[in-house]
Each structure stands twice: as C-alpha cells, then as structure tokens.
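Notes follow the structure.
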Amino acid sequence: MSTSNIPPVRTESSLSFTQGLLLGQISIVLILGAFIKFFIFGDPPSPDVTAALRATERRSRTLAHKRSLLSLRSTAQRQASQPLLNKKRSSVLRNPPPLTTGTILSKTYYNVDSHQPESLDWFNVLIAQTIAQFRSDAQHDDAILTSLTNALNGASRPDFLDEIKVTEISLGEDFPIFSNCRVIPVDEDGLSLGTGRGGEGGQGRDQGRLQARMDVDLSDFITLALETKLLLNYPKPLVAVLPVALAVSVVRFSGTLSISFIPGSPTNATTLAFSFLDDYRLDLSIRSLVGSRSRLQDVPKIAQLVEARLHTWFDERCVEPRFQQIELPSLWPRKKNTRGGDDTVSEPASISRAKGKEMKRDLREEARREIEAEARAKADMERIEQEGLRWRRRARGEEYAMPGSMPGLNMNIT
C-alpha cells in the first residue's frame with residue numbers, strides 16, 4: 001500500500017487556537033494586575049489636594065443654593081406684602097415697640113462693624129467640663145458600647161454583613177478650642193446681610209436675625225474600631241466569608257461654627273440652629289485589614305471609600321445650607337426646676353433618682369411601722385383597761401386582809 005496518496009495534516013487551526021487561548025489568559029492576568037496595582041494599591045492623593053477638591057465642591061454647592069434662594073426671594077416678598085388677619089391682643093399687657101436686630105445691637109452696645117472678635121476662653125472651659133462629664137458617663141456600665149452595638153446591628157444592617165462587633169472605642173483626651181467669635185446680621189435664610197455703611201445694608205438688618213460665628217479647632221485621636229465579615233449568599237447562602245476589620249480615627253477638625261436663635265410663635269417653640277460653614281477640614285486616619293490567612297492591610301481604596309462616605313454623612317446633616325435645629329425649653333422660672341437652698345449636697349441626676357426611689361421606699365416602710373406601732377399601743381391600752389375593770393370587780397366582792405395578821409384571821413370593817 002503506497003503512502004504517497006495520504007494528504008499532509010494541517011496544524012494551522014490547532015496552533016491558532018492555542019495562541020488565542022494563551023493570549024487571552026495573559027491579557028486577563030495583565031488586566032487583573034493593573035487593576036490591583038493602580039486601583040486597589042495605588043497611592044491616594046495627598047490630603048491637601050483632597051481637602052481642596054472637597055472644599056471647592058462644597059463651595060459650589062453653597063453658591064448654587066444661594067442663587068436659588070435669591071431667585072425665589074422676589075416671589076416670597078410679594079406673598080408677604082399681602083395683608084394678614086391678626087388676632088386681637090389683650091389690652092392688659094403692655095404693647096412694647098417692635099424689636100428689631102438694630103434695636104438689640106444698639107441696646108447691647110455691640111457694633112458689628114467695629115467690634116473685635118472675642119476669645120471665648122470661658123466658653124472653652126464650660127465645653128471642656130461638659131465633654132469631660134460625657135466621657136465619664138460613657139464609661140459607666142459600658143453605656144456607649146451597648147448603644148453603638150445596638151445601633152450598628154439594627155434593622156438597617158445589610159444582609160451581606162455579619163454581626164458587627166466593636167473592638168475599640170477611644171473618646172479622646174483633648175478638648176475643642178473655640179475662638180474668634182463675632183456676631184453678624186443674617187436674613188431668614190441664613191445669608192449674611194450688608195455691612196450697614198450703605199443704605200440697603202442698614203435697612204436689611206432690621207428684618208433679619210443675629211448669628212454668632214466662631215472658629216473651632218480640635219486636635220485629638222478619637223477612634224472607633226469595628227470587626228465583621230462579608231457574606232456571599234449567591235448562588236446559595238454563605239458560599240464565601242471574608243473577615244474585615246476597620247478602624248477610623250478623627251485626627252484633626254477645624255472649621256467655622258454658626259449659631260443662631262430662631263424665634264418661636266404661639267404654636268412653635270424657640271429653637272437653636274447651628275451648622276458649619278463649607279470651609280471646614282476633617283482629617284481622618286483609616287486602617288483596614290481584609291482576609292483571614294493571607295491578609296491585606298491598609299488598602300488605600302477602602303480608606304478613600306470610607307472617608308468619602310463619612311464626609312458625605314457630615315455634609316448632609318450639619319454643613320450649610322443644611323443645619324441642625326434643637327428645640328429649647330421654656331426659660332420662665334418654675335418651682336419644679338428650683339434646686340439648692342436646703343439641699344446640702346448636689347448629686348448627679350442618676351444618683352438623685354436612685355436615692356429618690358430609696359427614700360420613697362424608706363418612707364413607706366416607716367409609715368407602715370408607725371401604723372403597726374399605733375395598732376399595738378391601742379391594743380395594749382384596751383387590754384390594760386379590761387384588766388383594771390376585772391381587779392376592781394374582785395376588790396368589791398372580797399374581804400379585806402390586814403397586812404401582817406395571822407392566817408385565817410379576818411377583820412370585818414363596819
């Protein structure tokens with residue numbers, strides 16, 4: 001049989017398939033390596049650059065809010081120009097002249113144009129005492145640990161997270177320093193009015209309210225460390241588990257705090273509004289540990305994501321144009337709020353409440369003992385009276401015996 005008629009085997013298709021497979025594998029490895037190197041382990045931008053970018057973003061957001069307020073102000077002024085029906089006031093109360101911002105400033109001898117900023121040393125001492133008491137109360141019975149654990153493991157915890165454990169809490173040792181306090185007039189929307197040297201600025205002051213602005217600076221190390229596990233529940237529950245440990249520390253905070261009173265009405269209480277201007281800076285130190293056996297420590301991308309999330313959380317709550325509003329109680333003197341005088345020792349509220357309960361229990365016991373003693377005394381008196389009646393009856397029916405007489409010798413006294 002001749003082999004000259006057998007056609008040669010073609011190897012081009014097998015070689016092209018092998019080359020394509022190898023090229024695809026190498027491309028996937030290169031892409032994964034580039035992703036891990038530049039996206040996960042890439043050097044994060046410097047803190048100064050990050051702070052400048054965030055400040056620019058916040059400033060643009062604040063300016064956009066101000067422009068929207070100014071565009072809507074004309075409509076609000078037209079609505080306010082319409083006459084309102086006022087209720088008839090009592091003729092007994094004296095009707096004082098209308099109180100404006102300019103009147104308050106003139107009667108308190110405060111010139112917003114020339115008054116020097118205040119140092120607020122006394123305020124720093126009060127705030128330091130308040131924070132020190134807060135730290136002391138937090139250490140009692142692990143109150144802050146229990147509260148944080150319940151809050152982190154509440155209903156809002158996602159399904160891909162296991163139980164969150166708090167491994168470290170540090171409330172710091174230093175105190176914030178407030179300085180450079182100044183009072184400025186603002187309108188109802190919190191926008192600063194004119195200086196008053198022109199015509200429009202002075203007229204606008206009487207229609208707004210006063211706002212105190214002060215610089216805040218805190219250099220401390222406030223830490224919260226957590227530990228949990230990432231759960232992969234697809235295609236079936238607990239397919240994979242990845243331990244994660246995270247520690248977030250506040251290293252430095254500086255900014256401008258604005259505080260103002262919002263007057264109340266017969267239906268609404270007076271409130272205290274505070275917020276931070278958009279020029280604040282918050283420096284964080286974030287440490288991370290991912291994995292169980294082969295661990296990844298201090299992944300830069302995790303630090304960037306956590307820091308961005310914390311800044312967003314802070315911006316959405318108390319950075320202008322948003323603000324926190326606290327309802328103030330009535331400042332009118334009341335008997336139930338009176339303390340001192342006969343009280344020789346002032347004690348914390350928790351201890352006072354505990355001792356109040358003990359005093360009530362002691363008073364109830366003492367009252368019960370007094371009632372029982374009175375009942376016993378009354379019973380004794382009745383018994384004594386009954387015995388006295390019996391002795392008197394016996395004395396009337398018996399013969400009288402002379403003391404010292406012989407036995408059997410009776411003396412009848414007629």
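The values are calculated or read from the model by the stated rules, or taken from the named source; none is laboratory data. Nothing here was measured: the structure is a model prediction, and the numbers come from that model. When we count neighbours, we look across all protein chains shown, and the Cβ atoms used for this are built from the backbone with ideal geometry, even at glycine. What goes into the accessible areas is simple: the full protein's heavy atoms, side chains included, and nothing from ligands, DNA or RNA. Shrake-Rupley method; radii C 1.70, N 1.55, O 1.52, S 1.80 Å.
Of the residues THR228, THR267, the single one that is among the hydroxyl-bearing types (Ser, Thr, Tyr), open to solvent by 30 Å² or more (accessible area, probe 1.4 Å) and more than 19 Å from ARG322 (Cβ to Cβ) is THR267.
For the range 102-144, residues that are assigned to a loop (DSSP other than H, G, I, E, B), open to solvent by less than 50 Å² (accessible area, probe 1.4 Å) and not aliphatic (A, V, I, L, M) total 1.
Does at least one position in the range 276-284 carry a residue that is more than 21 Å from CYS181 (Cβ to Cβ), at pLDDT 90 or above and more than 19 Å from the chain's Cα centre (by Cα)? Yes: one or more hits.
Checking each residue in the range 45-67 for being open to solvent by 50 Å² or more (accessible area, probe 1.4 Å) and either at pLDDT below 70 or of a type in the set (Gly, Ala, Ser) (or both) picks out SER46, ALA52, SER60. Meeting the requirement of 2 or more residues that are more than 23 Å from PRO117 (Cβ to Cβ) and modelled with pLDDT of 80 or more, the strands (runs of 3 or more DSSP E) wholly within the range 145-249 are 165-170, 209-232. Scanning the range 276-326 for residues that are part of a loop (DSSP other than H, G, I, E, B) and open to solvent by less than 80 Å² (accessible area, probe 1.4 Å) yields a total of 9. The number of residues in the range 219-271 that are within 16 Å of ILE302 (Cα to Cα) and basic (Lys, Arg) comes to 1.
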